[in-house]
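Since the structure comes first, as structure tokens, the remarks are kept for the end.
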Amino acid sequence: MSSSTPTQDQPHLVSLVLQSKKALQHGQQLCSHAHARSNASSKAAIDVLALDAKVRWMSDSIIEQLKLAASVGKSLEEKRTHLHKQIQAWDATRSHYTDELDSILEALGAQHVPPEFHQTSTDSSLFGSQPSDQEDNLDQEASHSQRNSRLIPPPSPSATVRNHSGVLTRPIPESNHKSDRKRWKNLRDFVDDQAIEDILDTIESNRIALDDLLGRTDDYPETLTLAIEAIRTSLPEPALGSSLVSRIHDTLVGQDNVATTMASLLESLASHYEQMDSALKETEAGETFSEEDLLQMHRDVEELPAILSEIEQSGRVIDGYHEFLLATQESLASDLVQLSGVLDDLEELGDIMGEMLQNQEEVQVKCEEDLNSLHEQILTIRDLHERYVSYQTAFNKLIVEIARRQHYKEAAENIVKGMIAQLTAMTEEEDQMRRRFNAEYGVHLPEDICLCIGNPPTKWDVVPWPGDSPESLPHIDEDLVFEAKKMGANREREH
């Protein structure tokens with residue numbers, strides 16, 4: 001500083017002071033704005049953290065509710081699967097019983113019944129089946145002579161003996177030959193097929209009704225899964241969690257660092273203004289500055305725009321931090337509104353699940369009742385199988401029994417024949433001996449002595465018990481007897 005500097009430099013110094021003052025004022029404005037934004041950012045950061053915690057809490061709660069809903073869907077599917085397995089087991093049991101019934105019916109259809117076994121009255125058929133007109137005609141043609149022979153028994157055993165030669169067997173009717181067996185009835189002709197069809201149709205109708213009942217909840221698992229997935233996809237993108245907290249922390253720390261830099265720059269502006277103002281006052285007091293001092297002052301003033309630019313840039317950084325926090329706050333607030341809508345959807349899903357569970361429970365109870373009824377109904381199929389097995393077994397036993405009785409009848413008739421032949425021979429011999437006696441001695445005896453001496457010998461006959469008639473049995477071919485014995489033995493081995 002020198003006293004030899006002219007005083008005309010003072011107006012120029014005033015301009016420099018004014019520039020310094022304006023720079024300081026502008027810097028203060030920038031810093032004041034940055035300070036306000038910093039305070040707002042701090043408050044926004046607190047709000048962001050609170051909103052983030054609330055959003056994460058609501059999202060986690062919704063996810064837990066969705067997991068619960070998924071477990072309900074899984075429970076529904078498990079219940080349905082359990083019912084399906086029970087129904088499949090019933091189907092397998094029905095198939096087993098039905099196959100057995102079909103098998104015994106086919107066996108009955110393959111087993112011929114000799115025409116002589118037919119009853120003349122349809123009311124006495126084995127299972128109440130009504131034979132068709134064609135079957136009646138065939139039956140009449142095949143067994144007309146047999147019925148006549150059964151209905152009109154021979155007058156006496158001796159007549160029976162005389163009507164047969166050798167072993168007592170009746171002629172085999174023409175319709176009984178193997179070549180005519182295609183005209184015979186079979187055991188199934190005496191089965192009421194229509195009644196069986198009615199039973200099976202009823203069971204099948206009830207089975208279809210069970211499918212229809214179970215079908216009422218077919219779409220429940222898929223519908224619930226789709227609803228859960230729709231709610232899950234409508235959830236806002238998950239926040240970064242600890243990463244967001246870290247970013248907010250970094251933002252606040254960066255904001256403090258920038259604010260510190262701005263304060264330092266503002267202090268340098270204030271210091272420069274104080275120096276310039278002091279220099280002006282000294283000039284007014286008569287002090288003068290050297291050319292070098294004035295040039296330095298000019299250089300310092302020329303640096304003010306750069307400082308202000310740096311302050312402005314720092315202010316924009318703080319604005320950026322503030323905008324980031326506001327955007328995050330707005331996003332979280334939007335997520336919160338979105339989550340409120342999701343909660344409404346979740347509540348509606350809860351009502352739907354409650355209705356589904358109630359319907360599924362009703363369907364399950366009704367299905368189990370119907371399934372129990374179906375189990376009782378298929379026992380009818382089993383009983384039918386057992387009944388027709390017993391029917392076939394009894395018929396085979398009947399064949400064997402008729403054959404046994406035929407052997408007994410033939411043996412008895414042979415005995416009767418032998419007795420009659422022996423009695424006849426004895427009677428003839430006795431008659432000859434009496435004739436010789438009467439011829440040799442009778443003429444010498446008075447007629448009034450022993451009147452019985454001229455009587456012929458008593459003739460004897462073997463007849464059935466009073467009130468009985470000779471037994472008439474149907475003819476059975478030996479191959480039918482053999483087959484009946486074979487099937488009976490097989491049946492006993494199975495048991």
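The values are calculated or read from the model by the stated rules, or taken from the named source; none is laboratory data. Everything numeric in this text was worked out from a predicted model, so none of it was measured. Note: ideal-geometry Cβ built from the backbone for every residue, glycine included; neighbour counts use all protein chains shown. Side chains are part of the model used for accessible areas, which takes the heavy atoms of the whole protein and leaves out ligands, DNA and RNA. Shrake-Rupley method; radii C 1.70, N 1.55, O 1.52, S 1.80 Å.
Just a few scattered comments:
- Length released on extending from L244 to N206, taking residue separation times 0.36 nm less the Cα-Cα span: 7.4 nm
- FRET efficiency for L379 and R491, using Cβ-Cβ distance with R0 set to 25 Å, rounded to 0.05: 0.70
- Site pair A425 and Q28 shows an inter-label distance of 17.0 nm when each label is modelled 7 Å from Cα along Cα→Cβ.
- Radius 13 Å from Cβ of A333, net charge of other residues (Lys, Arg +1; Asp, Glu -1): -3
- Summing charges over neighbours of M262, with a neighbour being any other residue whose Cβ is under 14 Å away from its Cβ, gives -3 when K and R count +1 and D and E count -1.
- Using R0 = 30 Å, the C-beta based FRET efficiency linking E401 and E106 works out to 0.75.
- Looking at the stretch 247-403, the accessible area is 53 square angstrom per residue; that uses a 1.4 Å probe and ignores ligands, DNA and RNA.
- Backbone N under 19 Å from the K74 label point (7 Å along Cα→Cβ), restricted to the stretch 342-362: 350, 353-354, 357
- Between the stretch 92-116 and the stretch 455-495, the alpha-carbon center distance in angstrom: 29 Å
- 3J(HN,Hα) along the stretch 454-469, derived from phi through the Karplus expression 6.51 cos²θ - 1.76 cosθ + 1.60 where θ = phi - 60°, amounts to x, 6, x, x, 5, 8, 10, 9, 9, 10, x, 4, x, x, 8, 10 Hz, with x in place of Gly and Pro.
- Modelled label positions at I352 and A306, each set 7 Å beyond Cα in the direction of Cβ, lie 6.8 nm from each other.
- Among the listed pairs K185/K409; K67/K366; K79/K366; K54/K74; K417/K485, those with a Cα-Cα distance over 23 Å are K185/K409; K67/K366; K54/K74; K417/K485.
- The stretch 349-495 - percent of accessible surface contributed by carbon and sulfur, probe 1.4 Å: 56 percent
- Near-label residues of the stretch 257-283 by backbone N, under 19 Å of a point 7 Å along Cα→Cβ of K21: 267-283
- Using the Cβ-Cβ distance between A411 and E362 with R0 set to 60 Å, the FRET efficiency from 1/(1 + (r/R0)^6) comes to roughly 0.25.
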